[in-house]
1. Given P58, P54, which one is touching a residue at least 40 places away in the same chain (Cβ under 8 Å), under 20 Å from A160 (Cβ atoms), buried (at least 18 other Cβ atoms within 10 Å of the Cβ) and within 15 Å of the chain's Cα centre (by Cα)?
2. Taking only region 205-236 into account, find how many residues are touching a Gly at 6+ places or on another chain (Cβ under 8 Å), among the small types (G, A, S) and part of a helix (DSSP H, G or I).
3. Is one or more of the residues making up region 216-234 open to solvent by less than 10 Å² (accessible area, probe 1.4 Å), in contact (Cβ under 8 Å) with a residue 12 or more places away in the chain and in contact with a Ser or Thr (Cβ under 8 Å, 6 or more places away or on another chain)?
4. Is there a residue in region 142-149 that is open to solvent by 10 Å² or more (accessible area, probe 1.4 Å) and modelled with pLDDT of 95 or more?
5. Any idea how many residues of region 88-105 are part of a loop (DSSP other than H, G, I, E, B) and either among the aromatic types (F, W, Y) or in contact with a helix residue (DSSP H, G or I) (Cβ under 9 Å, 6 or more places away or on another chain) (or both)?
6. Is region 72-87 home to any residue that is touching a Ser or Thr at 6+ places or on another chain (Cβ under 7 Å), closer than 19 Å to A44 by Cα and either in a loop (DSSP other than H, G, I, E, B) or without any contact (Cβ under 8 Å) to a residue 40 or more places away in the chain (or both)?
7. Which condition number does G120 fail, the rest of (1) over 26 Å from Q10 (Cβ atoms); (2) touching a Gly at 6+ places or on another chain (Cβ under 7 Å); (3) open to solvent by less than 30 Å² (accessible area, probe 1.4 Å) being met?
8. Can you go through L63, L129, L104 and tell me which one is open to solvent by 50 Å² or more (accessible area, probe 1.4 Å), out of contact with any Asp or Glu (no Cβ under 6 Å at 6 or more places or on another chain) and of a type in the set (A, V, I, L, M, F, W, C)?
Amino acid sequence: MRFGVFMPPQAAAGAVSVPVLYWLSGLTCTEENFVIKAGAQRVAAELGIAIVTPDTSPRGLDLAGETDSYDFGTGAGFYVDATQEPWSRNYHMYSYVTQELPCLIAANFSVDPARVGIFGHSMGGHGALTLALRSPHIYKSVSAFAPISSPMRCPWGEKALTGYLGPDREAWRDYDATELIKVRGWTGPPLLIDQGSSDQFLEEQLKLELLLEACESAGVAIDLRMQEGYDHSYFFIASFVEDHLRFHARNLIKGKSALNAATSAA
């Protein structure tokens with residue numbers, strides 16, 4: 001598995017353990033997309049936050065069918081632990097992101113494992129929400145760009161969850177943010193979600209209205225920002241990623257503003 005790591009100057013020489021954000025990318029992406037296209041490093045350096053960008057699936061397994069379509073297999077791990085053969089042997093993206101990768105990062109980089117946030121886009125937005133909702137003891141803040149909000153009820157999700165988890169829809173609920181909100185709720189900071197009004201996938205695939213209904217019923221605070229004219233692309237992410245970084249900094253850097261924390265650490 002490949003992943004990217006950005007370390008801010010505040011962590012130079014290992015003198016300071018900094019908060020860390022995990023970014024989960026969407027369909028067809030690798031660990032490089034966010035690094036190259038989002039333009040997050042300048043603000044992360046100012047705020048003193050590390051960013052880790054894992055790949056979206058295992059690579060090079062030569063499994064039958066893994067490269068047949070863009071929305072299943074390579075580049076489309078959906079951040080689940082597969083239970084169906086042949087995917088169950090290697091497609092353990094949920095465990096990888098929540099357990100294996102953080103242990104590797106903590107052992108090799110100056111990050112604070114008690115100050116962890118997560119965010120993502122599309123399939124990665126789905127991943128960020130589900131991982132945070134299932135593991136609030138790990139993730140202290142969560143945000144998303146155009147997340148797949150209820151994969152149980154959209155074509156992308158139904159295809160992936162059937163392939164990885166089998167046909168029993170009850171087994172899918174642990175990987176559906178809308179269902180998790182209903183059952184588990186969320187007591188952390190408000191969920192921050194940016195959504196482009198001109199997103200070509202909004203109605204058929206993202207199902208954001210279902211997440212909003214679940215949050216309202218469960219009393220979960222959500223800050224939904226509809227961004228007029230924006231689509232599903234990385235131009236959308238690059239336009240608002242600074243807001244997300246500052247949102248996470250406010251929640252991960254305790255007792256002082258993110259800017260003051262960065263200044264004093266420097």
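The values are calculated or read from the model by the stated rules, or taken from the named source; none is laboratory data. Given the structure is predicted, the values throughout are model-derived calculations rather than measurements. Cβ atoms come from the backbone with ideal geometry, glycine included; neighbour counts cover every protein chain shown. The accessibility values were calculated without ligands, DNA or RNA, using every heavy atom of the protein model including side chains. Shrake-Rupley method; radii C 1.70, N 1.55, O 1.52, S 1.80 Å.
1. P54
2. Residues that pass the stated criteria total 1.
3. Within region 216-234, not a single residue is open to solvent by less than 10 Å² (accessible area, probe 1.4 Å), in contact (Cβ under 8 Å) with a residue 12 or more places away in the chain and in contact with a Ser or Thr (Cβ under 8 Å, 6 or more places away or on another chain).
4. The initial filter retains those residues of region 142-149 that are open to solvent by 10 Å² or more (accessible area, probe 1.4 Å), namely none.
Checked against the condition, which is being open to solvent by 10 Å² or more (accessible area, probe 1.4 Å) and modelled with pLDDT of 95 or more, region 142-149 yields no hits at all.
5. Residues meeting the conditions: 1.
6. The answer is no, given that none of the residues of region 72-87 is touching a Ser or Thr at 6+ places or on another chain (Cβ under 7 Å), closer than 19 Å to A44 by Cα and either in a loop (DSSP other than H, G, I, E, B) or without any contact (Cβ under 8 Å) to a residue 40 or more places away in the chain (or both).
7. All conditions pass for G120, except number (1).
8. On the way: L63 fails: open to solvent by 50 Å² or more (accessible area, probe 1.4 Å); L129 fails: open to solvent by 50 Å² or more (accessible area, probe 1.4 Å).
One residue alone meets the criteria, L104.
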